[in-house]
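Asker: Mind having a look at this structure? Questions to follow.
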Amino acid sequence: MKILVTGGTGVIGSGVIPALLKSGHEVRLLSRHAAADAKQWPREGLEPFEADVTDPAALRGAAEGCEVVVHVTGIVEESPPEITFELVNVLGTRNVLEEAERAGVRRFVYVSSLGADTGQSDYHHSKLEGEQAVRGFSGEWLILRPGNVYGPGDEVITTLIKMVRALPVVPVVDSGQQRFQPLWHEDFGESVARAVGTEGLSGRVLELAGEEITSTGDLIERVSKLTGREPARVPVPSFLASLGVDFTSPGSLGSRLAGMLGVSMPLNEAKLTMLLEENLIREPNGNALTEVFHITPLSLDEGLRILVDSIPEQLPADGTGGLEQKRFWADIEGSQHTPQGLLKLFRERCQEVMPLEFAAEPGVPRTIKRGLTLTASLPARGHIQMKVVEANERRVTLATVEGHPLAGVVQFSASRQRGAVRFLVEIHARAANRIDWLMMSTVGASMQDANWVQVVERVVSISGGSAPEGVQSESQVLDEEEAARAEKQIEKLVAGSRRAQNSLKVAANPRAGVRQRPPAPKDEGGDEAGDSGGAADALGRAARTATAAASQLISAVGKAVRKDDE
């Protein structure tokens, strides 16, 4: 059957769309940039429809010919006046319902949120209003209330992983023991696919979550074991909240510092309220994931092992400053390797060729294959990652991953040049943020250049030949037209890589084709944190206070921010 999916571009969509396609359904994807969003999915069975749910006129025709609507679109954070809970979560839902009624849609599946009926945050109030509108649908309707859905790019657990990798300290609210029940995005996607095709569910409200209850403190311990990094935790008890340091609100110094370091904060005032309330399935409510849809959830440890290598790419359009092109090469003579053979040798022995420790975490790959994620340890920065988006006999392309100091790609190639074999490293990248731009403008660029020269020298060494002219290099900042052309090519390449990975999900088991790290060695102990209480406003002030300690560690950055404002 044909199904309209609204807003399937985030972490929920990354689970829902492949599950629907794998079940044999046709998907019409509705989003503001649907044509671009659709490029990461298999072309067969998916149709883009560009519209904004806040614009009723633009929605007309979206549900035409569809038997089911799966309404995912929603926001968890406002950006007034254009993006508010009222406009998107409430009025947007009503607009989609009107289009579904006009088109004669048989079933409407609404993705709400666990706690919508009991939560006190503005977000939960808006989701409950959306539910009330759905109950008035003339056809079949079903409301799904998932817990915290996590997967590549989610705002909570993915952000926490980046913080553990990149920051010397991780602030936690009170003791970090507020409980929640995360749900793997593919498990929720499978639930939606079964909800679409299961009869007898009309008029029901179903709560879904994983089987394990965790907390911020527990997640930090688990991620630390997987990454081999143990940043200090700064627990801020409620009595320190009286300091009232503004950290989480948009535009505050702390929020901007974290963002400039490539790590967005997972909390704002509304999310702090939800954190206090704890996101759990309460008795006597059952878990529809297992009891209705009969899905065995992925364990939290297994989900984290997959997620640590599934952080989204960070492309040049995400960076700051001019797009720089750098090239480093050597013409190798006397080697027995053809260009294809030399590149194959580089792929197999990248661990010894790369100057950084490219096996910085337990269980990471040591050879280059498409789809894998390589992890390196960068002095004074923590762990960084690059994803292999292309690996063939002609070229290897690595894309930087969120948290990397650069936003771009690094390409390795080998070719025949006047009787020699040229090994080339070519970089197209911007600084990831203003702090990294400042570092690259001072000492970072020269260090990076020295690293790539060393890579080329090591390839010459393992080739068995020599490079009489040594390592040569050139660099330039591309003009706007050249930069736009390069960005388009890079985005096309990465979209193709994503489409290939998503095709695997659709064709096979959704969890197949993803490298799963072996279990990390068990820790011989660990501290358990205590108090989990406190009023919502105290928690808010506590969270804002938490980064005062972290900010002191990067006071020089703070000075740079203030200077930038003057």
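Asker: Please tell me the relative contact order of segment 1-146 in percent, rounded to the nearest whole number, where contacts are Cα pairs under 8 Å and at least six residues apart.
Answerer: 21
Asker: Here's something else I'd like to know. Within the set of other residues whose C-beta is less than 10 Å from the C-beta of Met1, count the net charge using Lys and Arg as +1 and Asp and Glu as -1.
Answerer: Value of the local net charge: +1.
Asker: Which distance in nm do the two modelled labels at Thr290 and Asp55 give, with both placed 7 Å along the Cα-to-Cβ direction?
Answerer: With each label placed 7 Å out from Cα toward Cβ, I get 4.5 nm.
Asker: Which of Ala500, Gln336, Gln417 sits farthest toward the positive end of the charge dipole of segment 316-507, with +1 on the Cβ of Lys and Arg and -1 on the Cβ of Asp and Glu?
Answerer: Comparing the listed Cα positions along the dipole, Ala500 ranks first.
Asker: Under a Cβ-only charge scheme (Lys and Arg +1, Asp and Glu -1), can you give me the dipole magnitude of segment 1-146 about the Cα centre, in debye to the nearest 20?
Answerer: Once rounded to the nearest 20, the dipole reads 500 debye.
Asker: Between Ser23 and Leu280, what FRET efficiency comes out of the Förster formula 1/(1 + (r/R0)^6) with R0 = 30 Å and r the beta carbon distance, rounded to 0.05?
Answerer: For Leu280 and Ser23, the calculated efficiency is 0.55.
Asker: Sort segment 316-507 into rounded, prolate or oblate with this rule: let a ≥ b ≥ c be the square roots of the eigenvalues of the Cα gyration tensor; rounded if a/c is under 1.5, and if a/c is not under 1.5, prolate when a/b is larger than b/c, oblate otherwise.
Answerer: Since a/c stays below 1.5, the shape of segment 316-507 is classed as rounded.
Asker: Here is a follow-up. Work out how much length Thr118 to Glu482 would gain on full extension: take 0.36 nm times their residue separation and subtract the Cα-Cα distance, in nm to one decimal.
Answerer: Roughly 125.7 nm would be gained on extension.
Asker: For Ala232 and Glu393, FRET efficiency with R0 = 45 Å and r from the beta-carbon atoms, rounded to 0.05?
Answerer: Once the sixth-power term is evaluated, E becomes 0.45.
Asker: Expressed as a whole number of Å, what is the distance separating the alpha-carbon centroids of segment 454-501 and segment 189-224?
Answerer: 42
Asker: Could you tell me which trypsin sites (Lys or Arg not before Pro) in segment 398-472 are loop residues by DSSP with no more than 16 other beta carbons within 10 angstrom of their beta carbon?
Answerer: Arg418
Asker: To continue, here is another question. Report, in debye and to the nearest 20, how large the dipole of segment 316-507 comes out about its Cα centre when Lys and Arg carry +1 and Asp and Glu carry -1 on their Cβ.
Answerer: Approximately 800 debye in magnitude.
Asker: Counting Lys and Arg as +1 and Asp and Glu as -1, what is the net charge of the other residues whose Cβ lies under 12 Å from the Cβ of Thr93?
Answerer: -2
Asker: Among Leu4, Ser126, Ala58, flag the residue with its Cα farthest along the positive direction of the charge dipole of segment 1-146, charges on Cβ as +1 for Lys/Arg and -1 for Asp/Glu.
Answerer: Checking the options against the dipole of segment 1-146, the answer is Leu4.
Asker: Would you calculate the separation in nanometres between label points at Glu491 and Ser475, each defined as 7 Å from the Cα along the Cα-to-beta-carbon direction?
Answerer: Calculated label separation equals 2.6 nm.
Asker: Please compute the volume of the convex hull spanned by the alpha-carbon atoms of segment 1-146 and report it per residue in Å³.
Answerer: 99
Each value in this text was obtained by applying a stated rule to the coordinates, not by laboratory testing. What you see is a predicted model, and the numbers here were worked out from it, not measured in a lab. When we count neighbours, we look across all protein chains shown, and the Cβ atoms used for this are built from the backbone with ideal geometry, even at glycine.
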